[in-house]
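Asks: I have a structure here, written as structure tokens, and I will follow up with some questions on it.
The values are calculated or read from the model by the stated rules, or taken from the named source; none is laboratory data. Being a predicted model, the structure only gives us computed values, none of them experimental. Here the Cβ positions follow ideal geometry from the backbone for every residue, glycine too, while neighbour counts run over all protein chains shown.
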Amino acid sequence: MQDAEFGVLGERVDAGLVVTDEGGVVVYANSQFVALCGLRGESLTGHRLDALIDLPASSAEGGPVGVSIGNANLDMHVYGIVAGHHEPHRLLLFACSHESMKCRNLAERYGLSPREGDILSHALEGMRVESIAEGCGISAHTVRNHLKSIYRKLGVHSRVELMRRCQDSAGAEDKGGR
């Protein structure tokens, strides 16, 4: 993969992405990763990743690793790749906030579609139907239909009940229950 290809990938994934060279220097970080780090508008390119993140040396490839960056608690997945015969190894880290990961787990547990999971995430952030529609590139009517489906699958009747259900489920998950 070339650096330009990381940019294309980085803007297509629904998570933070940072790529380093073999020496741990950031060669690419997408806007989601920069925002998760609380560094809006700043570039991470050229900085050493270990100056930002205390990544455990024992982190298994692909497995989630909990890290803190500033005020953000993130779940990161570590992947090593070989970019080609003449190119160095690179390390990719996909990062999601713990809340985002909990929302994804909840969506999976209740059988929500990927789009319903997106709508759920936005709804739990307190976004209005019109804002969700604009952000997802769909109509407000479609958002309302997705919300009805989400409510039905989670057994709730309002946004308040939805938030309570999600908090209760996340609390049970944190304690190891379901």
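Asks: How many residues are among the β-branched types (Val, Ile, Thr) and not in a helix (DSSP H, G or I) when one looks only at the stretch 137-150? Step through it out loud before you land on a result.
Replies: Residues of the stretch 137-150 that are among the β-branched types (Val, Ile, Thr), as a first pass: 138, 142-143, 150.
Keeping just the survivors that are not in a helix (DSSP H, G or I) gives 138.
Residues meeting the conditions: 1.
Asks: Can you tell me which of Gly155, Gly117, Gly177 is surrounded by fewer than 16 Cβ atoms within 10 Å (Cβ to Cβ) and at pLDDT below 90?
Replies: Values: Gly155 fails: at pLDDT below 90; Gly117 fails: surrounded by fewer than 16 Cβ atoms within 10 Å (Cβ to Cβ).
Result: Gly177 is the single residue among Gly155, Gly117, Gly177 that is surrounded by fewer than 16 Cβ atoms within 10 Å (Cβ to Cβ) and at pLDDT below 90.
Asks: Suppose the filter is closer than 28 Å to Val78 by Cβ and of a type outside the set (Phe, Trp, Tyr); does Met163 pass it? I'd like the intermediate steps shown before the answer.
Replies: Numbers: closer than 28 Å to Val78 by Cβ: no; of a type outside the set (Phe, Trp, Tyr): yes.
No, not satisfied.
Asks: Restricting the stretch 136-151 to residues that are under 22 Å from the mean Cα position of the chain (by Cα) and surrounded by 14 or more Cβ atoms within 10 Å (Cβ to Cβ), which is farthest from Met101 (Cα to Cα)?
Replies: Across the stretch 136-151, the extreme among qualifying residues is Ile138.
Asks: Then there's this: Conditions first: (1) assigned to a helix (DSSP H, G or I); (2) under 19 Å from Ala15 (Cβ atoms). Lys153 passes all but one, so which condition is the exception?
Replies: In the conditions (1) assigned to a helix (DSSP H, G or I); (2) under 19 Å from Ala15 (Cβ atoms), Lys153 misses (2) alone.
Asks: Somewhere in the stretch 72-87, is a residue at pLDDT below 65, surrounded by fewer than 11 Cβ atoms within 10 Å (Cβ to Cβ), farther than 30 Å from Asp168 by Cα and of a type in the set (A, V, I, L, M, F, W, C)?
Replies: yes
Asks: Okay, next question. Does Gly16 satisfy the criteria of being among the small types (Gly, Ala, Ser), modelled with pLDDT under 70 and under 29 Å from Asp118 (Cβ atoms)? Walk me through it before giving the result.
Replies: Working: among the small types (Gly, Ala, Ser): yes; modelled with pLDDT under 70: no; under 29 Å from Asp118 (Cβ atoms): yes.
Answer is no for this residue.
Asks: Give the stretch 18-33 a look and list any residue that's under 12 Å from Gly7 (Cβ atoms), surrounded by fewer than 22 Cβ atoms within 10 Å (Cβ to Cβ) and touching a residue at least 40 places away in the same chain (Cβ under 8 Å), or say none.
Replies: Val27
Asks: Go through Leu93, Leu52, Leu39, Leu124 for me and flag whichever is assigned by TED's automatic domain parsing to the domain that holds Leu162, surrounded by 13 or more Cβ atoms within 10 Å (Cβ to Cβ) and modelled with pLDDT under 85. Full working, then the answer.
Replies: Working: Leu93 fails: assigned by TED's automatic domain parsing to the domain that holds Leu162; Leu52 fails: assigned by TED's automatic domain parsing to the domain that holds Leu162; Leu39 fails: assigned by TED's automatic domain parsing to the domain that holds Leu162.
Every option except Leu124 fails the conditions.
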